[in-house]
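The values are calculated or read from the model by the stated rules, or taken from the named source; none is laboratory data. Note that the coordinates shown come from a computational prediction; the quantities given were computed from them, not determined experimentally. Neighbour counts run over all protein chains shown; Cβ positions are idealised from the backbone, glycine included.
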Amino acid sequence: MTDRGKDRFTKKVYARPKSLVDVKSHFCPGCHHGIAHRILAETIDHFGLREQTVGVACVGCAVFLYDYIDVDVAEAPHGRAPAVATGVKRAQPDKFVFTYQGDGDLAAIGTSEVIHAANRGENITVLFVNNTTYGMTGGQMAPTTMLGQKTSTSPYGRDFRKDGYPIKMAELLATLEGTAYSARVATSTPAQIRKAKEAVKKAFEMQIKEMGFSIVEFLSTCPTNWGMKPLDAQKRVLGEMSEYFPLGVYKERKQADFL
Amino acid sequence: MNVAARVEQRVFMKGNEAICVGAIAAGCRFYYGYPITPQNDIPEYMSAHLPTIGGTFLQAESEVATINFILGTSASGKRVMTSSSGPGISLMQEGLSYMAGSELPAVVVNISRSGPGLGGIAPSQGDYFQAVKCGGHGGYRMPVLAPHSVQEMYSLAMLAFDLADKYRNPAMILGDAIVGQMKEPFTQTPYVPTVSQEKPWALTGCAGRPRQHVKSLYLKDNAIEVHNWKLHRKYLKMQEEEVRYEDYHLDGAKIAVVAFGTAARVSKTAIQWARREGIAAGMLRPITLFPFPGAQLEEIAKRVDVLLVIEMNTGQMLEDVKASTTFHDKIRFLGKPCAMPTPEEIHGELRKLAGRGR
Amino acid sequence: MTTDVIMAGFGGQGILMIGNLLSIAAMEEGRHVTYFPAYGVEMRGGTANCTVVLSDEEIGSPVVGRPRACVVMNGPSLDRYLPAIREGGDLVINRSLVDPAKVGRKDLRLLAIPANDIAREVVGSQQLASMVALGAYVQRTGAVRMQTLFDCLPKVISKKYEKFIPLNVNALKEGESFARNHA
Ligand SMILES: Cc1ncc(C[n+]2csc(CCOP(=O)(O)OP(=O)(O)O)c2C)c(N)n1
Ligand code: SF4
């Protein structure tokens, strides 16, 4: 091998964020939970918050958050993470408090908790991972499941006449006064990942500046329960999913409006 | 024995699916639920099959919503079922209390997992107290059935609907991941109704009759007290009429195992082994946990030297055993919280109690 | 007679399918049988396993701590189950993916079958590696009759894939003859 070739292989282009624990993850191949975890860890590092952070893990494939992110983490009952985070933040307003939730967790059983946390302008940050299904329990229909999508509890495809429509949480939460920031991102291309990181930074800033509730919705994959190869799963996110769930910033409070 | 004929009728299915087959055979056409391991096969089966026979499957946004869907369909006079596990059953407790108070029938299946909290998905019998003593507020009871085979998942599902209707009360099936996830052959015996399914109390619109209500609020005078005594008489009647248990080699037994569900299933192997060695072991297997076969237990306690209570928890049914007999010095306990005891362990215990060395 | 086996490998290798086939065959032969699959979070990360117990009498536990036999289709499953197999038990490993040198234990009756290679090169579909392994296991242990397995294939293969039944029969037969020649 020539020296130049060797260089190419030894040059450091990526390092594990300090807040990301160096263990093998349990996520399936092609799952985007891992990417969201990394962005979360990088942002914690970016703001130097590792030692001032309390995370709240949801019930779902991300329940093992405490194994991966090197910060204090509380586990909440299914759907109740925003309520638990409220309790933490009210007791310790100087801490950085986030929740990390799936779409079954946040958009089904936990709708009430997230809406009221947002409406109170609770100064917390929510990372919301939308993979249009219940991953942990084996691919059942979620409120975010696309019309016509077959899941283990919608074997004939989701039908709006029976199960309604895929719920758009980023838009919905943006309508609430208490929400300071609401955006939807994806992590299927390097460019998207950069944008996602910007959004998460913004969301963190809102909390740091005490501007209120912030949420970033990630369009994610679940190759295992979609019955797809990882690459096809990427294509689904870039295609039909981002068509129905448009990426973008739905609300961004400026300091001026706030004061 | 005519093997061919017997083989013909057997079907090979998961316990969770056998519950669905039994429920549908018993006329259940409504199922609501929310995903949770290890019972997902039930909503998955129902979502595939109910629509093909004119039934309704609906996935709720939570178990709180689920149990209230159930309340509404039950108040409409229909047979309806839900299933869940630990945390989900906890969320249903308020609704169950309302249903008991409003005297509404329904079948609730708990394929329980280990707790407390998020616990784990390992099989467990840690929900005995919650099921048998009833975890909701106000003091109520419900029949609790404990299947130990796929055959019973099927037949007890049918029975649960009849008990629920007979007493206008929720009935529960308490299983675990083992009986839920395992497959084995079972025979699809036909459903023979034991109760009338007429529900004159159902809310169907008051055409041609005075309006009627389904409710649990009793504010006037001592109405709630009267209502409580009425419910109490119902629970007494359950205790008089509904006790079910299996007598497994109890005749002449000196050691009686007392176990239900999966723990009983595993105990059978150990008892077979012990009996081959000449140890007089048998088992009282409660099939109804409420009503508990207390009188039978006391009868057996008189005859045997040892009552070995085996549970996949740290001792819950044990309290009902103690309450049923005065022979407390005969009681021994083998507890395996959140794990299945192995036949080897139970066999070892039986040998020890019989005075045989290991 | 009572016998039991744990089958384990990657998700998608058809582990649960061969477990089902074996169980249904035992049922058809009029015996008692239980089948217990891995479920829930155990399936994350892409592993699959199941336990089958066959007996002439009523079966107690459907879960087995110390199996009499194991069919191991990938490396991680060997690490997990090797120590559990009973003294003198049967071990069938998929030599295409599992290194026989890793077995170590001398007390076992080991059969190392290149199931993927046989499935791909002889049967014509790598998908059928588990079927090949099942054929070998059944030849080795006599758990059920080979013919019953063939007869029961339509019960585990959906109508849509009916046309692959002969291929599955071939896979079972190839496994069987490999085991016979390596007895
Ligand atoms: C009260 C209650 N009900 C149900 C469950 C079972 N459960 C565990 S995770 C989960 C949903 C997971 O889906 P999602 O939130 O979309 O996250 P993902 O696994 O897809 O990341 C459910 C229903 C539970 N733990 N508690
Ligand atoms: S089941 Fe789906 S969401 Fe869960 S780890 Fe696997 S791919 Fe990710």
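So, A:Ala85, is that one surrounded by 24 or more Cβ atoms within 10 Å (Cβ to Cβ), more than 14 Å from ligand 2 (Cβ to nearest atom) and part of a helix (DSSP H, G or I) or not? Explain how you work it out, then say what you get.
Values: surrounded by 24 or more Cβ atoms within 10 Å (Cβ to Cβ): yes; more than 14 Å from ligand 2 (Cβ to nearest atom): yes; part of a helix (DSSP H, G or I): yes.
Criteria met by A:Ala85.
Note on the stretch B:133-251: no enclosed strands (runs of 3 or more DSSP E) hold 2 or more residues that are of a type in the set (S, T, N, Q), out of contact with any helix residue (DSSP H, G or I) (no Cβ under 9 Å at 6 or more places or on another chain) and without any contact (Cβ under 8 Å) to a residue 12 or more places away in the chain. A residue that is within 15 Å of the chain's Cα centre (by Cα) and within 16 Å of ligand 1 (Cβ to nearest atom) cannot be found anywhere in the stretch A:194-208. So A:Arg161 ticks every box in (1) more than 28 Å from B:Ile121 (Cβ to Cβ); (2) crowded, with 17+ Cβ neighbours inside 10 Å but one. Which box is left unticked? All conditions are met except number (2). Counting only helices (runs of 4 or more DSSP H) that sit completely within the stretch B:1-53, those holding 2 or more residues that are assigned by TED's automatic domain parsing to the domain that holds B:Met81 and modelled with pLDDT of 95 or more correspond to B:15-25, B:41-49.
This table checks each residue for (1) in contact with a Lys or Arg (Cβ under 8 Å, 6 or more places away or on another chain); (2) part of a helix (DSSP H, G or I); (3) crowded, with 17+ Cβ neighbours inside 10 Å; (4) modelled with pLDDT under 90.
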{"residue": "C:Val5", "(1), (2), (3), (4)": "yes, no, yes, no"}
{"residue": "C:Ala8", "(1), (2), (3), (4)": "yes, no, yes, no"}
{"residue": "C:Met17", "(1), (2), (3), (4)": "no, yes, yes, no"}
{"residue": "C:Val41", "(1), (2), (3), (4)": "no, yes, yes, yes"}
{"residue": "C:Thr51", "(1), (2), (3), (4)": "no, no, yes, no"}
{"residue": "C:Leu54", "(1), (2), (3), (4)": "yes, no, yes, no"}
{"residue": "C:Ile59", "(1), (2), (3), (4)": "no, no, yes, no"}
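Just give me the residues in the stretch C:85-135 being charged (D, E, K, R) and either touching a Lys or Arg at 6+ places or on another chain (Cβ under 6 Å) or in contact (Cβ under 8 Å) with a residue 24 or more places away in the chain (or both), in sequence order. C:Arg86, C:Asp90, C:Asp99, C:Lys102, C:Arg109, listed by residue number. Scanning the stretch A:88-110 for residues that are more than 16 Å from ligand 2 (Cβ to nearest atom) and either touching a residue at least 24 places away in the same chain (Cβ under 8 Å) or touching a His at 6+ places or on another chain (Cβ under 6 Å) (or both) yields A:Val88, A:Lys89, A:Gln92, A:Pro93, A:Asp94, A:Lys95, A:Phe96, A:Val97, A:Phe98, A:Thr99, A:Ile109, A:Gly110.
Table: residues versus (1) within 13 Å of ligand 1 (Cβ to nearest atom); (2) under 19 Å from B:Gly120 (Cβ atoms); (3) free of Cβ contacts under 8 Å to residues at least 60 places away in the same chain; (4) assigned to a helix (DSSP H, G or I).
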| residue | (1), (2), (3), (4) |
| --- | --- |
| A:His26 | yes, yes, yes, no |
| A:Gly34 | yes, no, yes, yes |
| A:Arg38 | no, no, yes, yes |
| A:Asp45 | no, no, yes, yes |
| A:Gly48 | no, no, yes, no |
| A:Gly55 | no, no, yes, no |
| A:Phe64 | yes, yes, yes, yes |
| A:Asp67 | no, yes, yes, yes |
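Going by the structure shown, is C:Gly9 out of contact with any helix residue (DSSP H, G or I) (no Cβ under 7 Å at 6 or more places or on another chain) and more than 8 Å from every other protein chain (Cβ to nearest Cβ)? No: the conditions fail for C:Gly9. Within the stretch B:248-279, the residues that satisfy the criterion of being away from chain C (no Cβ under 13 Å) and surrounded by 24 or more Cβ atoms within 10 Å (Cβ to Cβ) are B:Ala256, B:Val258, B:Phe260.
Among the numbered criteria (1) away from ligand 2 (no atom under 16 Å from the Cβ); (2) surrounded by 18 or more Cβ atoms within 10 Å (Cβ to Cβ); (3) of a type outside the set (Ser, Thr, Tyr), which one does A:Lys12 miss? Checking A:Lys12 against (1) away from ligand 2 (no atom under 16 Å from the Cβ); (2) surrounded by 18 or more Cβ atoms within 10 Å (Cβ to Cβ); (3) of a type outside the set (Ser, Thr, Tyr), the one that fails is (2). Number of residues in the stretch B:41-66 that are within 14 Å of chain C (Cβ to nearest Cβ) and either free of Cβ contacts under 8 Å to residues at least 24 places away in the same chain or of a type in the set (A, V, I, L, M) (or both) equals 3.
Determine, yes or no, whether A:Glu75 is charged (D, E, K, R) and within 14 Å of chain B (Cβ to nearest Cβ). Outline the logic, then answer.
Details: charged (D, E, K, R): yes; within 14 Å of chain B (Cβ to nearest Cβ): yes.
For A:Glu75, the condition - charged (D, E, K, R) and within 14 Å of chain B (Cβ to nearest Cβ) - is met.
Of the residues examined, A:Gly60 is not one that is buried (at least 19 other Cβ atoms within 10 Å of the Cβ), under 21 Å from A:Leu173 (Cα atoms) and within 11 Å of ligand 1 (Cβ to nearest atom). The condition of being farther than 20 Å from C:Gly40 by Cβ, away from chain B (no Cβ under 14 Å) and near ligand 1 (Cβ under 9 Å from one of its atoms) holds for only one of A:Asn123, A:Asn130, A:Asn119, that being A:Asn130. Scanning the stretch B:58-85 for residues being buried (at least 24 other Cβ atoms within 10 Å of the Cβ) and assigned to a helix (DSSP H, G or I) gives a total of 5.
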